[in-house]
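Worksheet for the structure shown next.
The values are calculated or read from the model by the stated rules, or taken from the named source; none is laboratory data. Remember, predicted model here, so these are calculated numbers, not experimental data. A quick note on method: Cβ atoms are made from the backbone with ideal geometry, for glycine too, and the neighbour counts reach across all protein chains shown.
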Amino acid sequence: METIHKIGRRKTAVARVYISEGQGNITINKKELNDYFTTGTLQYKVNQPLMLTGNEGNFDLNVSVHGGGITGQAEAVRLAISRAMCEIDEENRLALKPEGLLTRDPRMVERKKFGQKKARKKFQFSKR
């Protein structure tokens, strides 16, 4: 099997995942998964597509991710892994689609408008 390359995005985070056959090593920005994503919740998010398809320990993942915050990065990695699992075997789509792991979350930060303090917050109004 050759290396499969997929991209996942969330807010401003962009994750590139390279999947090849191996022992289940997950490397993110040249660090181990447990070193990069320290909380159990984020580690679970990254492993979720592998658990649902039953591919834990079958593939080596090399991930490069940049931009956004730590949660956005974890969800971007999750989307990229889910897309790669679908390319490996089309049957995986049936397990991932109902969980919503193949949907790109379109929510982005709303831009700040001129004449206002933030996107929606206004400056304090003084009548007198």
For the range 44-80, the count of residues that are among the aromatic types (Phe, Trp, Tyr) and free of Cβ contacts under 8 Å to residues at least 40 places away in the same chain equals 1
Reported set for the range 1-29 where residues are touching a residue at least 24 places away in the same chain (Cβ under 8 Å) and charged (D, E, K, R) is Lys6, Arg9, Arg10, Lys11, Arg16, Glu21
Of the candidates Asn55, Asn92, Asn62, the one satisfying the condition of being closer than 16 Å to Ile7 by Cβ and more than 13 Å from the chain's Cα centre (by Cα) is Asn62
Those residues of the range 35-48 that are loosely packed, with under 12 Cβ neighbours inside 10 Å and not in a loop (DSSP other than H, G, I, E, B) come to a total of 3
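Conditions tested, residue by residue: (1) among the aromatic types (Phe, Trp, Tyr); (2) farther than 17 Å from Gly22 by Cβ; (3) surrounded by 18 or more Cβ atoms within 10 Å (Cβ to Cβ).
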residue	(1), (2), (3)
Leu50	no, no, yes
Glu56	no, no, no
Leu61	no, no, yes
Gly67	no, yes, no
Ala74	no, yes, yes
Ile81	no, no, yes
Ile88	no, no, no
Glu91	no, yes, no
Within the range 1-27, of all residues that are assigned to a loop (DSSP other than H, G, I, E, B) and within 18 Å of Ile88 (Cα to Cα), the one modelled with the lowest pLDDT is Met1
Reported set for the range 17-32 where residues are touching a helix residue (DSSP H, G or I) at 6+ places or on another chain (Cβ under 7 Å) and either surrounded by fewer than 18 Cβ atoms within 10 Å (Cβ to Cβ) or under 14 Å from His66 (Cα atoms) (or both) is Val17, Ile28, Asn29
Practice prompt. Take Ala74 and decide whether it is outside any strand (DSSP E or B), in contact with a Phe, Trp or Tyr (Cβ under 7 Å, 6 or more places away or on another chain) and hydrophobic (A, V, I, L, M, F, W, C).
Written response: yes
